[in-house]
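Notes follow the structure.
Values quoted throughout were computed directly from the atomic coordinates according to the rules given, and no laboratory measurement underlies them. Small disclaimer: the values here were computed from a predicted structure and weren't measured. So basically every Cβ, Gly included, is an ideal-geometry build from the backbone, and we count neighbours across all protein chains shown.
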Amino acid sequence: MKLIIRAKNLEVTDSLRRHIEKKVGKLDRYLPTLDEAHVELSAERTKSAEERQVVQLTLRDGKTILRAEERTNDMFASLDAALDKIRRQIRRYKGRKQDRWQGKLRGKPPPKVREEEAPHIVKVKRFQITPMDEEEAIEQMELLGHDFFIFFNVNTDSINVLYRRRDGNYGLIQPELA
């Protein structure tokens, strides 16, 4: 597994680096096919002191990406909380993968899971997409009062997702086929 550590607005101390390498290195036990682990650390200036130390943990396992983000007042606590969250995601991911494989192997459908354990699609919504540029999409999203907006970008000839970030700026997702 390849481990990449990035820091923003802070310096990674030797003890923090060792802690990250030790804890993230153990994720191989849960997910042996793990290719990469990205750990992004940042110190943000927020009104709340409890949310200043941010850890984003992203794991790549072939085509699957698992991601967790946690914010606390201590970088070590943020890392531990993000690791707990990612372990739960790994268990859920491995459980689904195993259920599908066992169901196909035996020629039976995967076992049914109680509704409160597994979320499922309860509504499908269809809508027409109007071609527009990023600025028009921002205006439309603001008019609707939504936190995200899906549109056909005339500049890239593709479907994009515009979203509002916590810092008040906007993010743009431009999907690509793998």
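What is the magnitude of the charge dipole of the chain about its Cα centre, with +1 placed on the Cβ of each Lys and Arg, -1 on the Cβ of each Asp and Glu, and no other charges, expressed in debye to the nearest 20?
Numbers: 36 positive and 30 negative charges, 310 e Å.
With Lys and Arg at +1 and Asp and Glu at -1, about 1480 debye.
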Which of Lys8/Lys85; Lys47/Lys123; Lys23/Lys63 exceed 26 Å between C-alpha atoms? The answer is Lys47/Lys123
Within the set Glu139, Glu70, Glu36, GNM on the chain using Cα springs under 10 Å gives the largest fluctuation to Glu139
Here the alpha-carbon Rg of the range 131-173 over 2.2 N^0.38 Å rounds to 1.05
Dividing the helical contributions, -39500 (n - 2.57) per DSSP H run of n ≥ 4, by the residues of the chain yields a 222 nm value, nearest 500 deg cm²/dmol, of -11000 deg cm²/dmol
Per 5 angstrom bin, beginning at 0 and ending with the bin that holds the maximum distance, the Cα pairs of the chain fall in percents of 1, 6, 12, 13, 13, 15, 16, 13, 8, 3, 1, 0
Out of Gly62, Gly95, Gly168, a Gaussian network model of the chain with alpha-carbon springs under 10 Å gives the largest mean-square fluctuation to Gly168
Of the residues Val12, Ser48, Ala81, the Cα lying farthest along the dipole of the range 2-106 towards its positive end, which is defined by charges on the beta carbon of Lys, Arg, Asp and Glu, belongs to Ala81
Taking every DSSP bridge whose two residues both lie in the chain, the antiparallel percent to the nearest 5 is 75
